[in-house]
Amino acid sequence: MSSEDLITLLLSTLDLNGTIADTKGLRLPNQDAAVDQTTVRGALSSLQSRQMVDYKPLEREHLELTAEGQALATDGSHEAKVFNAVPSGPEGITVAELQQQLGPAAKIGQGKALAHKWLRFEQGRLTRLVDTIRDETQLDLQAIGRTGALPADRSPTLVKELLKRKLVTKIKSVSYTVVKGPEFALTVTKPATDITADLLQSGEWKSRPFKAYNFDAVGIQPPSGHLHPLMKVREEFRAIFFEMGFVEMPTNKFVESSFWNFDALFQPQQHPARDLQDTFFLRDPASTSTLPADLVDKVCEVHSKGGYGSIGYRYPWSPAEAEKLLLRTHTTAVSSYMLSLLARQQPFQPAKYFSIDRVFRNETLDATHLAEFHQVEGVIADRNITLGDLIGFMNIFFRKMGINNLRFKPAYNPYTEPSLEIFSWHEGFQKWVEIGNSGMFRPELLRPLGMDPDVRVIAWGLSLERPTMIKYGIDNIRELMGHKVDLGMIQSNPICRLDKKMGKELLEEPVQV
Ligand SMILES: *[C@@H]1O[C@H](CO)[C@@H](O)[C@H](O)[C@H]1NC(C)=O
Ligand SMILES: *[C@@H]1O[C@H](CO)[C@@H](O)[C@H](O)[C@H]1NC(C)=O
């Protein structure tokens, strides 16, 4: 049976009779079984949505015989069986004999037969009080079996009793009464969902019904990518840099020469960081031949002989070592390159650069270390800036990230002098934690690149992973990066909002240096 057949039947019946009083027992042509009322309801609801019909449910209850009720309807009630088993003479029958004859039916039937005053019980024997009986229970059950209800002249309390005796059960059912709707027609025209070229050309659009827009429909969540927590925190940091007038450095290459990663930064060639243990060198190609010759000479000079007030490292500097390719160990490799471009520009223009990108170190992996991580780096170049500028600037920068209480500790870095580690008071840990490293680039770094003698460069760096892990409460870095990351975490974790202060507030509050 298709639903179209049913719809045709419903519509043609309505057309013929004006109404369908009750859909119960509705039968399709050439079908024996009546149509299931759930199916009827489906068809009616679809017709009603087109205003072709209106319908109301007809709820009703009927009685059905249980297996035992069925048996009693056929064979007679227990009480009738008991009556029939008692002989008509005055000698009657003993209870034991009755039980032997009828089994468990004897006990139930006996009580009823006595209550009906059909029998008498005296001196251990049952005798008849009447000659004939009318088995009302059997008649009631037969009537229920035929019509699903007790005859109207019978007391409704009898139903309760039959239910209690588990001879009948109550069945609820629903069918429908149907009338024509305002848009009644004999066939269903599917409303168009969209206007098409065909509808326009044929002119059908003028008469064809259109399906109404459902503005309450919930939209489908479009499948889309999700930002990794690191990228969310990165966006916040970028916003801080941009609002402070920084320009983003092009850090979109992971492979660097040793020259830009180490030599140009005045890091000696025998420095331990340049070991296999700390740095990933490339095997193929292992080296580059595109280093800027003029800078190579100047860098060689400052390493081996010194200059600009420095005695240098005084070792034979090897160009081959500088040509080795590696995965950059810090984004400062890009900063040194950018400073060399800045130095070539005349006249000098002050500059503020930043980058947030990936760096690689051959680390022993543990809960807080991976072989690759992200470095946040800022560089400011201007004439005559001092350590005081660095400290003042750090206070402003970290305040914008919601970090107020800073301390600075002298430190050693190969390419900055002086150098300062930055600590902040951590309320949760109740101690000072290191949040970054900073310093002023050495003249041995800046001058060979061609920087004017009074141009100073302050720089600082921090990892992106640590603030991200603190922000999102992740205590194992392997749950943040790598193959163990739970994609569900990335889909559901909230956007990052640093508790940062905006520029205006910062101007109102004097910065303590
Ligand atoms: C990383 O360092 C270990 C020693 O700690 C060394 O055995 C290994 O070769 C290094 N890996 C690479 C790819 O350089
Ligand atoms: C930097 O300091 C030098 C020496 O004190 C001075 O001659 C020069 O004018 C200063 N430059 C700026 C931009 O203040």
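Rg over Rh of the chain, using C-alpha atoms and the Kirkwood radius, what does it come to?
Radius of gyration relative to Kirkwood radius: 1.43.
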Legend entry - For region 301-317 versus region 217-294, the gap between their alpha-carbon centres in whole angstrom: 29 Å
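Give the Kirkwood hydrodynamic radius (Å, one decimal) of region 290-383, defined as one over the mean of 1/r across all pairs of different Cα atoms.
The answer is 15.9 Å.
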Inset, instruction - Could you pull out which residues in region 90-108 have an amide N less than 13 Å from a spot 7 Å beyond the Cα of Gln123, following the Cα-Cβ vector? - result: 90-93
Inset, instruction - Please compute the net charge surrounding Ala113, taking Lys and Arg as +1 and Asp and Glu as -1 over other residues with Cβ under 12 Å from its Cβ. - result: +4
Legend entry - Cα centre as origin, Lys/Arg/Asp/Glu Cβ charges: the chain dipole, Debye: 1100 debye
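Rounded to the nearest 20 Debye, what is the dipole magnitude of region 67-171 about its Cα centre when Lys and Arg each give +1 and Asp and Glu each give -1 at the C-beta?
360 debye
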Inset, instruction - Using +1 at the Cβ of each Lys and Arg and -1 at the Cβ of each Asp and Glu in the chain, identify which of Asn437, Ile380, Pro494 lies farthest towards the dipole's positive end. - result: Pro494
Legend entry - Sites Leu387 and Glu479, calculated FRET efficiency, Cβ-Cβ separation with R0 45 Å, nearest 0.05: 0.70
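Normalised by the empirical 2.2 N^0.38 Å for globular proteins, what value does the Cα Rg of region 142-282 take?
Working it through for region 142-282, the quotient is 2.81.
Between Thr157 and Ala71, 0.36 nm times their residue separation minus their Cα-Cα distance comes to what?
Stretched fully, the Thr157-Ala71 segment lengthens by 28.8 nm.
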Inset, instruction - State the extension gain, in nm to one decimal, for the chain segment bounded by Phe429 and Tyr308, taking 0.36 nm per residue of separation less the distance between their alpha-carbons. - result: 39.1 nm
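Sum up the charges of everything whose Cβ sits under 11 Å from the Cβ of Arg60, counting Lys and Arg as +1 and Asp and Glu as -1, but leave Arg60 out.
For residues surrounding Arg60, the net value is 0.
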Inset, instruction - Could you work out how far apart the two model spin labels at Glu204 and Glu248 are, taking each label as a point 7 Å from the Cα in the direction of the beta carbon, and quote it in nm? - result: 5.2 nm
Legend entry - Packing-based order for 206-219, 348-361, using average beta carbon neighbours within 10 Å, highest first: 348-361, 206-219
Legend entry - Selection from Ile391, Thr193, Leu26 lying farthest towards where the dipole of the chain points positive, charges on Cβ: Leu26
Legend entry - Inter-label distance, nm, simple model (7 Å from Cα along the C-beta direction), Lys172/Asp452: 9.2 nm
Legend entry - Amide hydrogen neighbours beyond the local backbone of Val247, cut-off 5 Å, H modeled: Lys352, Tyr353, Phe354
Legend entry - Gain upon complete extension [Leu498, Asp5; 0.36 nm per residue less C-alpha separation]: 171.0 nm
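Given R₀ = 22 Å, FRET efficiency for Thr19-Ser46 by Cβ-Cβ distance, to 0.05?
The pair Thr19/Ser46 has a calculated efficiency of 0.70.
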Legend entry - Distance from region 399-462 to region 318-380 (C-alpha centre basis), Å: 15 Å
Legend entry - Convex hull volume per residue in cubic angstrom - Cα atoms of region 212-279: 219 Å³
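How high is the FRET efficiency between Leu227 and Asp54 when r is their beta carbon distance and R₀ equals 60 Å, given to the nearest 0.05?
0.70
Readers should treat all values here as calculations from the given coordinates under stated rules, not as data from a laboratory. Just so it is clear, the model here is predicted, and its values are computed rather than measured. Glycine also receives a Cβ, built like all others from the backbone with ideal geometry; neighbour counts cover every protein chain displayed.
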